[in-house]
1. State which residue is modelled with the lowest pLDDT when the search covers only region 1-26 and only residues that are open to solvent by 50 Å² or more (accessible area, probe 1.4 Å) and closer than 15 Å to Y94 by Cβ.
2. When residues of region 113-123 are filtered for being in a strand (DSSP E or B) and over 13 Å from the mean Cα position of the chain (by Cα), how many remain?
3. Run down S51, S29 and say which single residue is over 29 Å from S123 (Cα atoms), free of Cβ contacts under 8 Å to residues at least 60 places away in the same chain and either touching a Phe, Trp or Tyr at 6+ places or on another chain (Cβ under 7 Å) or open to solvent by 50 Å² or more (accessible area, probe 1.4 Å) (or both).
4. Suppose the filter is among the charged types (D, E, K, R), touching a Gly at 6+ places or on another chain (Cβ under 6 Å) and at negative phi; does E109 pass it?
5. Return yes when N73 is out of contact with any strand residue (DSSP E or B) (no Cβ under 8 Å at 6 or more places or on another chain) and polar (S, T, N, Q) and no when it is not.
6. Do any residues in region 89-111 that are aromatic (F, W, Y) have Cβ atoms under 6 Å from those of residues that are open to solvent by 10 Å² or more (accessible area, probe 1.4 Å) and part of a strand (DSSP E or B), where the two are at least six apart or on different chains, and which pairs are they?
7. What number of residues within region 83-102 satisfy the criterion of being over 11 Å from the mean Cα position of the chain (by Cα) and either open to solvent by 20 Å² or more (accessible area, probe 1.4 Å) or at pLDDT 95 or above (or both)?
8. Please verify whether region 114-121 includes one or more residues that are modelled with pLDDT of 95 or more, under 10 Å from G34 (Cα atoms), open to solvent by less than 20 Å² (accessible area, probe 1.4 Å) and in contact with a Leu (Cβ under 7 Å, 6 or more places away or on another chain).
Amino acid sequence: VQLQASGGGLVQPGGSLRLSCAASGFTFSSSKMGWFRQAPGKERECVAAISWSAGRTYYADSVKDRFTIFRDNAKNTVYLQMNSLKPEDAAVYYCALDPRVYGLGLETEYRYWGQGTQVTVSS
């Protein structure tokens, strides 16, 4: 299984970024997908996750109404649209995949991880 995250970069506060994560080597359409982030000195946290059918989503309280997770099963890709970015959103963002249906927002319930992509929010 390979997960390739991209789309990170430097953005000013209030700006937007869209992260993408392309998956291969697994039945993407039957897997839950999550975006996690880890800032220096902090624990890794789930910011958003989506079930295989996109019928269920999870958002951390800190990103609700600003971030949107969505997936395109035809392209084996999950996206994280991040709007109204704040300096505290700066972190390395990771995508993760797992075939089990439970534990949408739980780090321990994701078996496969991609490399991170850095998001920097600064003026």
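The values are calculated or read from the model by the stated rules, or taken from the named source; none is laboratory data. The structure displayed is predicted, hence computed values, not measured ones. With ideal geometry, Cβ positions are generated from the backbone for all residues, glycine too; neighbour counts draw on all protein chains shown. Side chains are part of the model used for accessible areas, which takes the heavy atoms of the whole protein and leaves out ligands, DNA and RNA. Shrake-Rupley method; radii C 1.70, N 1.55, O 1.52, S 1.80 Å.
1. Here the residue is V1.
2. Residues that pass the stated criteria total 2.
3. Only one candidate qualifies: S29.
4. When the stated conditions are applied, E109 passes them.
5. On the way: out of contact with any strand residue (DSSP E or B) (no Cβ under 8 Å at 6 or more places or on another chain): yes; polar (S, T, N, Q): yes.
For N73, the condition - out of contact with any strand residue (DSSP E or B) (no Cβ under 8 Å at 6 or more places or on another chain) and polar (S, T, N, Q) - is met.
6. Y93/R37; Y93/T117; Y94/W113
7. The qualifying residues number 13.
8. So far as region 114-121 goes, no, none of its residues is modelled with pLDDT of 95 or more, under 10 Å from G34 (Cα atoms), open to solvent by less than 20 Å² (accessible area, probe 1.4 Å) and in contact with a Leu (Cβ under 7 Å, 6 or more places away or on another chain).
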